[in-house]
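Student: Below is one structure. I have some questions about it.
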Amino acid sequence: MSLNIIGMGKGIPKKQITNGEIANYVDTNDEWITSRTGIQTRHVCTSETLSDLAATASLEALENAKLTVSDIDLFICATIGGELRTPSLSCTTAEKIGLKCTAFDINAACTGFAYALEVAVGYFAMGKAKNILITCGEMMSTQLDWNDRNTCVLFGDGAAACVVTPGDSMRYISLIASPDSTILKIPVGTGNTPFLESKVDEPYLYMQGQDVFKFAVGVCDIEVSKALETLDLAPEEVDWFLLHQANKRIIDGARRKLKQPEEKFPTNIEKYGNLSSVSIPLLLYEMIEEGKVKTGDTIVLSAFGAGMTAGTAVFKWQ
């Protein structure tokens with residue numbers, strides 16, 4: 001049992017921030033950011049909530065799939081966290097779009113989309129759903145220390161969604177976790193409890209960049225190669241490699257290991273920055289909208305994120 005993607009949507013905040021504007025908040029500049037990351041702009045929420053973005057993406061995906069909320073049997077949100085600790089982002093979004101079905105969140109950080117696809121396959125295999133809405137939503141701007149130039153320049157906010165049904169378009173999926181809670185994390189904070197004996201980190205994203213880089217490039221090479229070997233595919237037979245949009249240097253490093261041309265590795269990191277779980281479905285959405293993805297194309301999706309987690313999927317597009 002596998003699945004087909006039959007409709008996609010996106011939700012992006014109106015506010016766009018350039019590298020030059022970020023220089024108003026921290027000691028940085030456009031050349032420093034662009035040369036090290038490939039990022040030129042990113043979008044951040046001002047008046048919007050994350051569930052607003054998720055609702056916009058979800059409704060567009062339903063419209064493109066030619067379905068309504070009443071056709072959806074299961075709603076999965078991939079997110080580090082919504083605007084509330086509880087209820088979940090899936091429930092706050094479902095409330096806004098009038099969706100009444102089982103709904104829950106998945107937190108696999110930047111690998112969330114791949115994890116959600118795997119869960120959808122399981123529901124289809126059990127015969128418990130026919131139409132599943134998957135929405136990835138992240139408001140990274142609220143998770144950052146805006147005094148830390150090494151991290152605040154990297155991320156943005158946004159949402160992307162897809163409707164999936166049983167089918168055979170996805171030919172392969174594999175998820176891994178290599179547990180490490182030290183090199184990339186966001187502490188939750190401890191409130192004002194008087195009982196804790198030890199001080200905890202502030203609730204901002206912490207990242208050891210070089211360790212993340214090594215993990216990302218290595219795991220992309222290993223997991224993509226394993227997928228291609230399983231399917232008896234050569235890298236030359238792949239039309240598109242859609243990698244998590246974390247850093248242009250990571251994408252280039254993985255590309256060199258796979259020995260494939262740059263045009264097979266599309267990016268949108270220059271426009272949006274790192275959108276965590278949103279980056280791959282948003283990139284796929286834009287490629288479909290631009291007419292780049294054709295029926296019969298072989299597409300490899302590869303993500304990595306905090307945990308450390310990774311996920312790889314291969315589609316024969318239909």
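Student: Specify which of the listed residues (LYS130, LYS96) is out of contact with any Lys or Arg (no Cβ under 8 Å at 6 or more places or on another chain), farther than 23 Å from HIS43 by Cβ and at pLDDT 95 or above.
Tutor: Residue meeting the stated conditions: LYS130.
Student: Would you be able to tell me the number of residues in region 264-283 that are over 14 Å from MET140 (Cα atoms) and surrounded by 24 or more Cβ atoms within 10 Å (Cβ to Cβ)?
Tutor: Result for region 264-283: 4.
Student: Name, by its number, the condition in (1) out of contact with any helix residue (DSSP H, G or I) (no Cβ under 6 Å at 6 or more places or on another chain); (2) at pLDDT 95 or above that does not hold for SER276.
Tutor: (1)
Student: Those residues that are over 30 Å from PHE213 (Cβ atoms), surrounded by 21 or more Cβ atoms within 10 Å (Cβ to Cβ) and under 17 Å from the mean Cα position of the chain (by Cα), I need them from region 78-124; list them, please.
Tutor: Correct list: SER90, ALA120.
Student: Related question: Would you point out which residue out of LEU258, LEU231, LEU196 is in contact (Cβ under 8 Å) with a residue 60 or more places away in the chain and on the phi < 0 side of the Ramachandran plot?
Tutor: After applying the criteria, what remains is LEU231.
Student: Do you know which of the residues in region 284-300 that are closer than 23 Å to PHE155 by Cα and open to solvent by less than 10 Å² (accessible area, probe 1.4 Å) is nearest to the chain's Cα centre (by Cα)?
Tutor: Applying the filter and picking the extreme gives LEU284.
Student: Output the residues belonging to region 253-263 that are within 21 Å of the chain's Cα centre (by Cα) and either open to solvent by less than 30 Å² (accessible area, probe 1.4 Å) or of a type in the set (Val, Ile, Thr) (or both).
Tutor: GLY253, ALA254
For every residue, the table says whether it meets (1) part of a strand (DSSP E or B); (2) touching a Cys at 6+ places or on another chain (Cβ under 7 Å).
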{"position": "TRP146", "(1), (2)": "no, yes"}
{"position": "GLY158", "(1), (2)": "yes, no"}
{"position": "CYS162", "(1), (2)": "yes, no"}
{"position": "ILE173", "(1), (2)": "yes, no"}
{"position": "ALA177", "(1), (2)": "yes, no"}
{"position": "SER198", "(1), (2)": "no, no"}
{"position": "GLU202", "(1), (2)": "no, no"}
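Student: Of these, LEU59, LEU53, which one is in a helix (DSSP H, G or I), touching a residue at least 12 places away in the same chain (Cβ under 8 Å), open to solvent by 40 Å² or more (accessible area, probe 1.4 Å) and of a type in the set (A, V, I, L, M, F, W, C)?
Tutor: LEU59
Student: Sticking with this structure for a sec: Which one of VAL300, VAL224 is in contact with a helix residue (DSSP H, G or I) (Cβ under 8 Å, 6 or more places away or on another chain), within 22 Å of ILE134 (Cα to Cα) and at pLDDT 95 or above?
Tutor: VAL300
Student: Among (1) open to solvent by 10 Å² or more (accessible area, probe 1.4 Å); (2) polar (S, T, N, Q); (3) within 11 Å of the chain's Cα centre (by Cα), there is one condition ASN147 misses while meeting the rest; what is its number?
Tutor: (3)
Student: Those residues that are open to solvent by 20 Å² or more (accessible area, probe 1.4 Å) and under 16 Å from the mean Cα position of the chain (by Cα), I need them from region 155-173; list them, please.
Tutor: ILE173
Student: Identify all residues within region 253-306 that are farther than 21 Å from CYS162 by Cβ, aliphatic (A, V, I, L, M) and either in a helix (DSSP H, G or I) or out of contact with any strand residue (DSSP E or B) (no Cβ under 7 Å at 6 or more places or on another chain) (or both); write none if there are none.
Tutor: Scanning region 253-306 gives ALA254, LEU258.
Student: Filter region 130-144 down to the residues that are open to solvent by less than 20 Å² (accessible area, probe 1.4 Å) and in a loop (DSSP other than H, G, I, E, B) and list them by number.
Tutor: Matches in region 130-144: LEU144 only.
Student: I would also like to ask the following. Give me a count of the residues in region 37-50 that are within 18 Å of ILE251 (Cα to Cα) and either in a loop (DSSP other than H, G, I, E, B) or out of contact with any helix residue (DSSP H, G or I) (no Cβ under 7 Å at 6 or more places or on another chain) (or both).
Tutor: Final tally of qualifying residues: 3.
Student: Something else now. Scanning for something buried (at least 21 other Cβ atoms within 10 Å of the Cβ) and among the acidic types (Asp, Glu), does region 69-77 turn up at least one residue?
Tutor: no
Student: Does GLY127 satisfy being open to solvent by 10 Å² or more (accessible area, probe 1.4 Å) and part of a helix (DSSP H, G or I)?
Tutor: no
Student: Right, here's the next one. Find the residue count for region 223-252, including only residues that are assigned to a helix (DSSP H, G or I), of a type outside the set (D, E, K, R) and more than 20 Å from the chain's Cα centre (by Cα).
Tutor: Number satisfying all stated conditions: 4.
The values are calculated or read from the model by the stated rules, or taken from the named source; none is laboratory data. Computed from a predicted model, the values in this text were never measured in an experiment. Ideal geometry is used to build each Cβ from the backbone, glycine not excepted, and the neighbour counts take in all protein chains shown. Surface accessibility is based on the protein's heavy atoms, side chains included, excluding ligands, DNA and RNA. Shrake-Rupley method; radii C 1.70, N 1.55, O 1.52, S 1.80 Å.
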